Amino acid sequence: MNIIGVLSIKALGEEHDAVVLSLAITPLDLDLARSEKLLSTKQLLKATKTWNFSTEHQEDRTTTPGMYSAWKQKSQEAWDAHRQEPLLDVPDVIELLSEFISRNKVKRLLGSDVSNKILRNLCYTHAEEYPIESENYAGSSLSTDTVHYLLKRETRTASYVPVPKKLDTDIAAHNSVYNALVTQNLVYGAHKSTRESTRESTGESTGESAGESA
């Protein structure tokens, strides 16, 4: 198994020290995508775990002006989802995230540029270390933003994934699931293209050899 954890963090801003509302992680086995066993939205939602943060003890973190009202105007459903109890303090969420990563044998983490920098800051300020070895934290070199870009660019190997109607990407859990869907589609498409290229190359080589023998 080659499992990554697709992250989504929702916060009251996009700065590294923004007040955090919710963190979701969706485990995704890339080996399944390579073997053409693609997981459905329902399966990914079932595997996803979400923790909501208490904002009471985040006095040292920042809020972009107008973000409270902007959130509610954008999606009341998402706001309500992120305020469902239990509301946990940051160190507790980091600990639970670490346990989830260990239990699900997650090897790498993948999030958006914003989620990556917020998680780094949370770990630096509220925990002794990353919930995963730093060298395996994909956010340092790869993000879901890059995955989206690659999938849109590589239309020859994979088709872009529209947001399923049942998902509201303003909700952390739904956003991590959507990004998992996009990631597995990119991996599937790339592997399929490589396999087809190899098959064609082998066929051409065999044909040339047969011609020479004749």
**Message:** Looking at ARG120 and the list (1) closer than 17 Å to ILE25 by Cβ; (2) surrounded by fewer than 20 Cβ atoms within 10 Å (Cβ to Cβ); (3) at pLDDT below 75, which single condition is not satisfied?
**Reply:** (3)
**Request:** Hey, can you tell me all the residues within the stretch 1-23 that are under 15 Å from the mean Cα position of the chain (by Cα), surrounded by fewer than 21 Cβ atoms within 10 Å (Cβ to Cβ) and β-branched (Val, Ile, Thr)?
**Result:** ILE3
**Request:** Take the residues in the stretch 24-40 that are surrounded by fewer than 18 Cβ atoms within 10 Å (Cβ to Cβ) and touching a residue at least 40 places away in the same chain (Cβ under 8 Å), then tell me which one is nearest to ASN179 (Cα to Cα).
**Result:** LEU38
**Request:** Consider PHE100 carefully, then state whether it is more than 23 Å from PRO162 (Cβ to Cβ) and out of contact with any Leu (no Cβ under 8 Å at 6 or more places or on another chain).
**Result:** yes
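Taking the stretch 44-76 as the region of interest, how many residues are assigned to a helix (DSSP H, G or I), at pLDDT 90 or above and surrounded by 12 or more Cβ atoms within 10 Å (Cβ to Cβ)?
Going through the stretch 44-76 one residue at a time, the tally reaches 3.
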**Prompt:** Which one is modelled with the lowest pLDDT, of the residues in the stretch 125-138 that are surrounded by 13 or more Cβ atoms within 10 Å (Cβ to Cβ) and over 16 Å from VAL182 (Cβ atoms)?
**Reply:** ASN136
**Asked** If you take the residues in the stretch 140-195 that are among the small types (Gly, Ala, Ser) and closer than 28 Å to GLN84 by Cβ, which one is modelled with the lowest pLDDT?
**Response** SER143
**Request:** Among the candidates SER115, SER102, single out the residue that is at pLDDT 85 or above, part of a helix (DSSP H, G or I), buried (at least 20 other Cβ atoms within 10 Å of the Cβ) and among the polar types (S, T, N, Q).
**Result:** SER115
**Message:** Looking at GLU14 and the list (1) in a helix (DSSP H, G or I); (2) out of contact with any Gly (no Cβ under 9 Å at 6 or more places or on another chain), which single condition is not satisfied?
**Reply:** (1)
**Item:** Members of the stretch 40-88 that are within 15 Å of ALA18 (Cβ to Cβ), out of contact with any Gly (no Cβ under 9 Å at 6 or more places or on another chain) and of a type in the set (Val, Ile, Thr)
**Value:** THR55
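The values are calculated or read from the model by the stated rules, or taken from the named source; none is laboratory data. Owing to the predicted nature of the structure, the values given are computational and were not obtained by experimental measurement. Note that each Cβ is placed from the backbone with ideal geometry, even for glycine, and that neighbours are counted across all protein chains shown.
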